[in-house]
Amino acid sequence: MIASSLLPGLIIFGLAEERVRLRTVLNLSGALVKLVLVGFVLWGVSQGQQYETRLALLPGLELVLRAGPLSLLFVSLSALLWLVTTVYAIGYLEGSPHRSRFFGFFSLCVTATVGVALSGNLITFLLFYELLTLATYPLVVHRGTEAARHAGLIYLRYTIAGGALLLVATVWLYTLTGTLEFTPQGFLDSVGAEQHTALIIIFTLLIAGFGVKAALVPLHGWLPLAMVAPAPVSALLHAVAVVKAGAFGIVRVVYDVFGVEFAANLGVLGPLAWLAAITIIYGSLRALFQDDLKRRLAFSTISQVSYIVLGTAIAGPIAAIGGVVHLVHQGLMKITLFFCAGNLAETLGIHKISEMNGVGRRMPWTMTAFTVGAFGMIGAPPVAGFVTKWYLGLGALQAGQEWVIIVLAGSSLLNAAYFLPILHRAWFQEPPNTWPKEFDFGRKETAWMLLLPPVITALMALAAGLLAAVAFSPLEWAQFIAEQEFSRP
Amino acid sequence: MGAVFTEFPWGVILILLPVTGGILCFLWPQIAKITGLFIVFVVALLVVGLAWQIFNNGVYRHAVGGWGAPLGVDLYADGLSLLMLAITALVGMGVSVYSAAYFKHEQAAQFWPLWLLLLAALNALFLSADIFNVYVTFELMGLAAVALVALAGSREALGAAMRYLLAALLGSLAYLLGVALLYHGFGTVDIALLVERAEPSPVIWAALGLMGAGLLLKTALFPLHFWLPPAHASAPTPVSALLSALVVKASFYILLRLWLEIFDPLVGGAGVEQLLGLLGAAAILWGSVQALRQTRLKLLIAYSTVAQVGYLFLAFPLVAAAGVSAWSAVTYLVLSHALAKAAMFMAAGNLLCFGGHDRITDLDRVVQRLPLTAAAFALAGVSIMGLPPSGGFIGKWLLLEAALMQGRWDLVAVMILGGLLAAGYIFKVLGYAFTQADISHESKAVPASMEWTALLLACGAILLGFLAVPVLSLVGIGDPFGIGEVRP
């Protein structure tokens, strides 16, 4: 019975390979099958079953795929959002060239993300993490313009350098401990005190490596530039794949490599929390001054993703719930916002916030979804973002770190300051006589394949906030994960 | 049945068959292509036979004509030799299929005999048990390789071939002098006997100096690499692939063998390893920076070879504390580089054939028009950069592990920097491949077999990333590195 339940992890992973040959049907059915499989595994794990796949990579080192609770949270998020994004991308790219190349790398990208999520040790993580870098590069440069090439180059510089740091840190860790297996509460207890300096350096290297993708502040330079990519790619980069993989990596390092307690004793979590706080404020401040809608959203991502890091670094069970659950919430809300931005660009040719006057009347559904996403970002109840902030704040108080509350409040204010004017323009100002570049969709607002995804994700974001206490909600999973990390053996 | 397999002199046939084939191709050029292809595939089967034999009987040793050392010619094969033979056969098959479509008419008639001779020389070299035999195979290999470079017929190719000839001859000469010294000092040229008889003396140092210099020149280790880029870049594509993937490795293999068996026990710890490591580090940086500066694709790839050779030498200073990891790393880097570099040159050859030039900035939109070739280049690039999952990654991982165990942070830094620079030059090429520039030149069709061989070899380099356990256990046969089991 155990042998039969080992397989799904591999199947999920194997599926995506075939989709490289992509046809639309194949794409959608792949996404659906994956969703069903994830659901199945989810149910299995909640019944206490184990899913694990191992493959020897080097003598003593194995490729491990394991479906733990934290993995599943990330996998379900990516499976769900992937389905939605696929629908959106098909609508978005209708009639544009190189679609098969695009969807090929798109699927590869999701394969890598799922691999990152399921990996059971650091080397497997590293492997899929680098694969993710390689798979997203062609997506970023997809448009083929000079700007895209430049952005791709910058993106690579950051990520490859980050990957190199990770490699060094991983090998070093391996020579110290002889294992890289993710274990709740860390596997470093056996390391002697004389190695603690080395461990601090390793921690720094790992955080720097993951911080590149998670866009922690001095390392965020690539992200706003990568906005030249098509909207579905931006959505994917921000909500599911790249940025999340980085944040997820940090969560993994703190929880399953070092262990919260051990890391706190090393004294590395404090600086990490500060770094996250700086990133939150800095990202919000920069967002305030962007006129380009997608760039504003990009800076907002920089700020929001650091909530996850912050929740992890506060080192208390309640804050941990907030951090982990934000992994899901931020994904839902940000993808909604990017879908909407893409819709505005594709339907009316709007790229700048100053062009958004009265757009709510022309595209009510899109802007309703956008509004939900924006309120979530600000942290207004009952949208999902509120749950996160509530737990983060509570957790910070519990851990005796009151300054975090100030950061949270400041960031919420700033969020409001850069989102509310957009909403005001969109709903309450007079629309101009002509839009920058209007496409004809008959009487409809826009193509249904573009409209449906943001509405669905907005609903999900609402549901995640309203139904947070229901079984199988992201919040409940996050609680489960936090219990596992903080329970005493 | 089993006995026939286990007693059959696979090794001898491995050498004789390509020689015979070469002569046949020379005599009847009209059937050269068929004969050549047939023989290369048979050689691959023979390697499988030899592998079978080694699995069953352990190390293979065969006295040709029944004479035996110290008088006769001995053949010797352990796990390392077997792997080198296997990679030669594998790359050889790829190159042969590629060449069948690449060379036309007269060039084909000249290519096949030379290539088969080169193959015979390579096989003989990997099977040699004495250092004089190695000299003979060096000469054969050098002459065949030089003639192959000159096959391109262009002015630059002839100049490069001339330089290559001089370097090869000089290298062989230095090596031969070393052999003579050893023979004079200890009365034998058989490696196993030398190991027993040799003792620390000035003769050993002189021999090490001469043989080392000769071999380094042939391996093109910085700063003795001057002949490599022009020769590899101006040769016909299949030849470039052969030279970078196999010929350079052959002299490295001998260097490794001699160092491990004869010199290391006698003069180890006297700073020679450190010198080799230093040169290796310099080669990585210099080669990568030069590669980054090139505007022609084939020159870029050739300089990348200079850099990659450097990695092999980094292992020497690391052996003291982490022999297992270091030598496994070297083996792995040799194998994956052979596959990846062959694939890369072939991909470059396809682009050259397609567009009529190899200027990197004008590689517009090849991704759309030659997707298989672009994929081959990208996959080979992944291995060269050392990103997972690929053979190059495994090699680099092991090497990093060795460096960290020994606390050699300088070497760690060099490796990381080398990887970043490699990413720089690979993506320099790939970045242009995605642009939307107008098509500025007439294109010719590229035969499908040329695209597919490049892709398959590149996939091989990636696949090698998942085969570390069996491959490394194979190297352990006969304990070529003198370290007992390869990893517990």
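No lab work stands behind these numbers, since they all come straight from the coordinates. Computed from a predicted model, the values in this text were never measured in an experiment. Using ideal geometry, Cβ is built from the backbone for each residue, glycine included, and neighbour counts are taken over all protein chains shown.
Charge tally for residue A:358 (other residues, Cβ to Cβ under 11 Å; Lys, Arg +1; Asp, Glu -1): +1.
Quick check: net charge around residue B:242, other residues with Cβ under 11 Å of its Cβ, Lys/Arg +1 and Asp/Glu -1? Overall, the nearby charge balance is +2. Taking a Cβ cut-off of under 14 Å around residue B:73, the surrounding Lys, Arg, Asp and Glu residues balance to a net charge of -2, with basic ones at +1 and acidic ones at -1. On a 0 to 90° scale, report how tilted helix B:79-102 is relative to the longest principal axis of chain B, with both axes built from alpha carbons and the result rounded to the nearest 10. The two axes meet at around 30 degrees. Distances between every pair of Cα atoms in the protein assembly as shown, grouped in 20 Å steps from 0 to the bin holding the largest one, split as 14, 42, 31, 13, 1, 0 percent.
In the protein assembly as shown, the DSSP-assigned H stretches of four residues or longer account for a calculated mean residue ellipticity at 222 nm of -24500 deg cm²/dmol, using -39500 (n - 2.57) per stretch and the full residue count as denominator.
Work out, in µm²/s and without decimals, the Stokes-Einstein translational diffusion coefficient of region B:287-488 at 4 °C, 1.567 mPa s, Rh from Kirkwood over C-alpha pairs.
On the way: Rh = 17.4 Å.
Answer from the Stokes-Einstein relation: 74 µm²/s.
Between 0 and 90 degrees, the angle of helix B:448-463 with respect to the longest Cα principal axis of chain B falls at about 50 degrees. Across region B:52-132, the volume of the C-alpha convex hull divided among the residues equals 111 Å³ per residue. Exposure here means at most 16 other Cβ atoms within 10 Å; with trypsin sites (Lys or Arg not before Pro) in a DSSP loop as sites, the longest stretch of chain A lacking them is A:24-436.
Ignoring the sites themselves, what is the longest stretch of chain A with no chymotrypsin sites (Phe, Trp or Tyr not before Pro) in a DSSP loop and at most 13 other beta-carbon atoms within 10 Å?
Working: sites that count: A:289, A:439, A:472.
Maximal segment without exposed cleavage sites: A:1-288.
Just tell me, in residue order, which DSSP H segments of chain A are both 27 angstrom or longer along the helix axis (alpha-carbon based) and at least 0.5 in mean Kyte-Doolittle hydropathy. Helices meeting the criterion: A:24-46, A:69-92, A:99-118, A:146-177, A:269-288, A:293-313, A:317-348, A:403-428.
Any idea what angle helix B:371-385 forms with the longest principal axis of chain B, computed on alpha-carbon atoms, 0 to 90 degrees, nearest 10? Once rounded, one gets 40 degrees. Could you give the longest part of chain B that holds none of the GluC sites (Glu not before Pro) found in DSSP loops with at most 11 neighbouring Cβ atoms within 10 Å? My reading of the result: B:1-441 is the longest stretch.
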